[in-house]
Structures are given as C-alpha cells and as structure tokens.
Amino acid sequence: MPEDKLKKSNTVEEGKVCAILAYLLIGIIWYFADDKMRKNDFAGFHVKQALILIIISFAGSIALSMTFVLVWLIPLYQLVVFVFVVMGIINAYNGQKKELPIIGQFGKKFKF
C-alpha cells in the first residue's frame, strides 16, 4: 500500500510542471511532444482542463465580439477566464486533480 502512494506521489511530482504550464499553453505543447508526459495521468488531467478553458475562452470572445452591444462584456469575460487559469495553476501546484468550476466536466470528453 505505501508503494502505491509513493508511485502516485511520484507521478504527480513528475507531471506538476507540465500541469502548471498547461494553463499557459506551453505545457499543452510539451504534453503532446514528450512521450513521458503523455503517460502521466496528472499532467493529462490538467492539459484537458486547460484545453477546455482555451476553447471556451476563444469561443466566448468571438461570440461576444460579434454583437456590438455585448463588446463591453469581453474584458469581464476575460477576467473570469483569468480567474479560472489561476485556479487551475493553484490546483496543479498543490497536486490536486480538481475540475474547474462549470467547465471542468467537459474535460472528461477528451480522449488522448
């Protein structure tokens, strides 16, 4: 039993930097380029969360910018996205596999 906990701890420690950087986009590139990171469950979890966040961020910004009336909401929307990025980085730093609020559940749908 202690060996399983040690192995899990090593997996988290090995993937922690990639998981943190995933929220800054460079970690996603690293994850797909490095075979060792692809096998790391912890890094994979945070890469999926970061991908969902990036997709939602771009889609929301485009949708808000299409209508002149809602353009003023873009800075507020990006502030919310920034808060989610900080939450993801904090969770990765603390070694937690915690989904982001509201959007995190969609990360489970990615299969890679």
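Please enumerate the residues belonging to region 27-43 that are assigned to a loop (DSSP other than H, G, I, E, B) and within 12 Å of PHE112 (Cα to Cα). If you could, list the steps in order and put the result at the bottom.
Taking region 27-43 first, the residues assigned to a loop (DSSP other than H, G, I, E, B) are 34, 39-40.
Matches in region 27-43: LYS39, ASN40.
Within region 63-75, identify whether any single residue is in contact with a Phe, Trp or Tyr (Cβ under 8 Å, 6 or more places away or on another chain), closer than 26 Å to VAL12 by Cβ and either crowded, with 16+ Cβ neighbours inside 10 Å or at pLDDT below 90 (or both), and answer yes or no. Steps first, please.
Just the residues of region 63-75 that are in contact with a Phe, Trp or Tyr (Cβ under 8 Å, 6 or more places away or on another chain), to begin with: 64.
Now restrict to residues that are closer than 26 Å to VAL12 by Cβ: none.
No, that holds for no residue.
So which residues in region 23-48 are surrounded by 15 or more Cβ atoms within 10 Å (Cβ to Cβ) and touching a Lys or Arg at 6+ places or on another chain (Cβ under 9 Å)?
Pass one, region 23-48, residues surrounded by 15 or more Cβ atoms within 10 Å (Cβ to Cβ): 23, 27-28, 30-31, 37, 40, 42-48.
Answer for region 23-48, where residues must be surrounded by 15 or more Cβ atoms within 10 Å (Cβ to Cβ) and touching a Lys or Arg at 6+ places or on another chain (Cβ under 9 Å): TYR31, PHE42, ALA43, GLY44, PHE45, HIS46, LYS48.
Can you name the number of the only condition in (1) in contact (Cβ under 8 Å) with a residue 60 or more places away in the chain; (2) buried (at least 16 other Cβ atoms within 10 Å of the Cβ) that TYR93 fails?
(2)
Does GLY60 satisfy the criteria of being in contact (Cβ under 8 Å) with a residue 40 or more places away in the chain and either within 30 Å of SER9 (Cα to Cα) or part of a helix (DSSP H, G or I) (or both)? Spell out how you get there, then give the answer.
Numbers: in contact (Cβ under 8 Å) with a residue 40 or more places away in the chain: no; either within 30 Å of SER9 (Cα to Cα) or part of a helix (DSSP H, G or I) (or both): yes.
It is false that GLY60 is in contact (Cβ under 8 Å) with a residue 40 or more places away in the chain and either within 30 Å of SER9 (Cα to Cα) or part of a helix (DSSP H, G or I) (or both).
Being part of a helix (DSSP H, G or I), within 14 Å of the chain's Cα centre (by Cα) and either surrounded by 12 or more Cβ atoms within 10 Å (Cβ to Cβ) or of a type outside the set (Phe, Trp, Tyr) (or both): is that true of VAL81 here? Reasoning before the result, please.
Values: part of a helix (DSSP H, G or I): yes; within 14 Å of the chain's Cα centre (by Cα): yes; either surrounded by 12 or more Cβ atoms within 10 Å (Cβ to Cβ) or of a type outside the set (Phe, Trp, Tyr) (or both): yes.
It is true that VAL81 is part of a helix (DSSP H, G or I), within 14 Å of the chain's Cα centre (by Cα) and either surrounded by 12 or more Cβ atoms within 10 Å (Cβ to Cβ) or of a type outside the set (Phe, Trp, Tyr) (or both).
The values are calculated or read from the model by the stated rules, or taken from the named source; none is laboratory data. The shown structure was predicted, so the numbers you read here are calculated from the model rather than taken from an experiment. Note that we place each Cβ from the backbone using ideal geometry, even for glycine, and neighbour counts take in every protein chain shown.
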